[in-house]
Amino acid sequence: MNQSAVFRWPAVPGPWKKISPAFWLAFLTAGIGGFITHLYIFTNLLPNHDSIGGLFTDNNMLDIGRWSSSPMSLPSTFFQLPVVIGLVSVLALGAAAGLTVRVLEISHPVHIVLTSALMVTYPAACAIFSYLFTADAYFMALFLNALAVWCTKKYRWGWTAAILMMAWACGTYQAFICYAIGLFLIDCILALLKGEEVPGVVVRGLKYIGICLASLALYYVVLKIVLTVTGTELADYQGLSGLGLISLAEYFSRVPEAYRIFFDYLLTPSFLDSFFCFVLRAGFVYAAAALVGLAVMNGLFRDPLRLALTAAGAALLPLALNFVALLAAGGEVHHLMIYAFVLVFVLGIKLTELIMARLISAGRPGWTGVFWPNLVLCAVLAWCGFYTDNIAYLRMELRYENSLALANRIAARAENLEGYTTDAPIAIVGRLPIDLYGQTVSELSEYDSITGTDGFMLQCYYSGRDVLEYCIGLPMSQSTAEQWDHLYKSGILYQTPNWPDQGCMFMFEGMVVVKLSDVYIE
């Protein structure tokens, strides 16, 4: 036996050997960058008004149309575990970044890194993480939408899997279908810019439209079946109760509003500082200029049909990325729903790459003139997103701590009431005035809208009860409808002062009444 022979393990077979280096680079960059960017919330309990009630939840949101959100949340268990949810979310976000790079065929290593950096630092990602109890499911829905586009491009029958994946993703969070729609449209725009045959691009575009419509139809059919089987009714949330009952004319009537929302959020966001807003506008202008420049370089102005289709695609891009504004009948488009807007800046990166390739292949030396401005602009965008996300997380922490301090004061006064027992129901009347103690950390208050926060958590009825019960351990037995009726009819609420004046808390028929204001709610 040859003692000098070196033992070697055989290669482990697996599909990962076929994964491209571009995917791995994007995946690793997004994974590492995402974990660093959002480390603050992964290592702290930073709830907002909704997530404080989701500390222990299976994310069953069938009543708001999300029939697959519960199974999608299974990897993070029944508990809101920041590190576990953070890890699953970052892996899903990294995979979405890798697929985005592959779909758009971004090949330069610097551009791949920039794409991943923008995707993990964009403030909409921070907004999603502020609802931590469901963040992992949401980012897996994002991944499924990106995977659907990739399968459609990669495989002849990939569109069948794409319809299934997009419908399932809609059942988790409907807004992320905009990411797939945006990628589909950008793929057609790039095909026209690169000189592919116009009839082939038109057929591809119609195929993409069919996939999107089929996935929405499948989502709706499954939703109706599950609602019928479970006996659940849709809540009147973001226009869901009227889903499927609206005429095409009404959908089209929302198009101007969809464009307005897009440009408001992308170019004039009041919740970001002036420098970040300036950089966002510069990024948009750069992407638009790169599109026009590449169209000129590739001779589109000598091909009216190709030029018209490219211009139409560019004009439809804001609508595609904000398609959820058409679906949300009368609902509000908020920060969780605009993640697809990051594709505007990713498109700028891809257009830069195409311009560079054109200049280099023609032997012209000016390619660095687009490479460096794009690099600097994207790096600054990523940095702005990085610090903005962490300012928002700081705001969440300070708000949570202020809310805990206030909850402790309320609990102490409740426990000192004559006749108080631990099983006494607690009735919270009214809302805590937002300016009662001054704006909590007013210098950071503009970041509230990113994370769904607004002053003290006790200003929201249901999150106030959750803070008192979950965070400081005050027993919160529910008041009965009969007790509420007696309380209102007694007239005592008109004779007692509001918090924090003496007498704002009292016992009534064995129930602790906490009167925060004269505005009576649930």
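The values are calculated or read from the model by the stated rules, or taken from the named source; none is laboratory data. Computed from a predicted structure; not experimentally measured. Cβ atoms come from the backbone with ideal geometry, glycine included; neighbour counts cover every protein chain shown.
The table below lists the values:
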| read-out | value |
| --- | --- |
| Contacts under 7 angstrom Cβ, first residue in segment 345-361 being under 14 Å from V110 (Cα atoms), partner of a type in the set (S, T, Y) and in a helix (DSSP H, G or I), 6 or more apart | V346/T100; V346/T115; G348/Y286; I349/T115 |
| Where a residue in segment 273-302 is in the same structural domain as A382 (by TED's automatic domain parsing) and its partner, wherever it lies, is of a type in the set (K, R) and surrounded by 15 or more Cβ atoms within 10 Å (Cβ to Cβ), with Cβ under 7 Å and at least six apart | M297/R358; L300/R306 |
| Any hit, segment 261-283, residues being among the acidic types (D, E) and over 23 Å from H111 (Cβ atoms) | yes |
| Boolean, V101 is more than 11 Å from D136 (Cα to Cα) and in a helix (DSSP H, G or I) | yes |
| Those helices (runs of 4 or more DSSP H) lying entirely in segment 1-96 with at least 3 residues closer than 30 Å to A407 by Cβ | 39-42 |
| Residue within segment 455-462 that is aliphatic (A, V, I, L, M) and modelled with pLDDT of 65 or more present | yes |
| Set N48, N60, N44: member being within 19 Å of the chain's Cα centre (by Cα) and surrounded by fewer than 21 Cβ atoms within 10 Å (Cβ to Cβ) | N60 |
| From G348, G313, G366, residue being assigned by TED's automatic domain parsing to the domain that holds G205 and not in a helix (DSSP H, G or I) | G366 |
| Per-region count, segment 144-164, residues assigned to a helix (DSSP H, G or I) and free of Cβ contacts under 8 Å to residues at least 24 places away in the same chain | 5 |
| Matching residues, segment 87-139, being among the β-branched types (V, I, T) and over 13 Å from the mean Cα position of the chain (by Cα) | V88, V90, T100, V101, V103, I106, V110, I112, V113, T115 |
| Test result for S51, modelled with pLDDT under 85 and in the same structural domain as L114 (by TED's automatic domain parsing) | yes |
| Some residue of segment 180-195 being surrounded by fewer than 15 Cβ atoms within 10 Å (Cβ to Cβ) and under 29 Å from G299 (Cα atoms) | yes |
| Extreme residue, farthest from the chain's Cα centre (by Cα), among residues of segment 173-217 that are over 11 Å from N145 (Cα atoms) and β-branched (V, I, T) | V198 |
| Residue check for L417: not in a helix (DSSP H, G or I) and not assigned by TED's automatic domain parsing to the domain that holds S270 | yes |
| The lone exception for L81 - which of (1) modelled with pLDDT of 95 or more; (2) surrounded by fewer than 24 Cβ atoms within 10 Å (Cβ to Cβ) it fails | (1) |
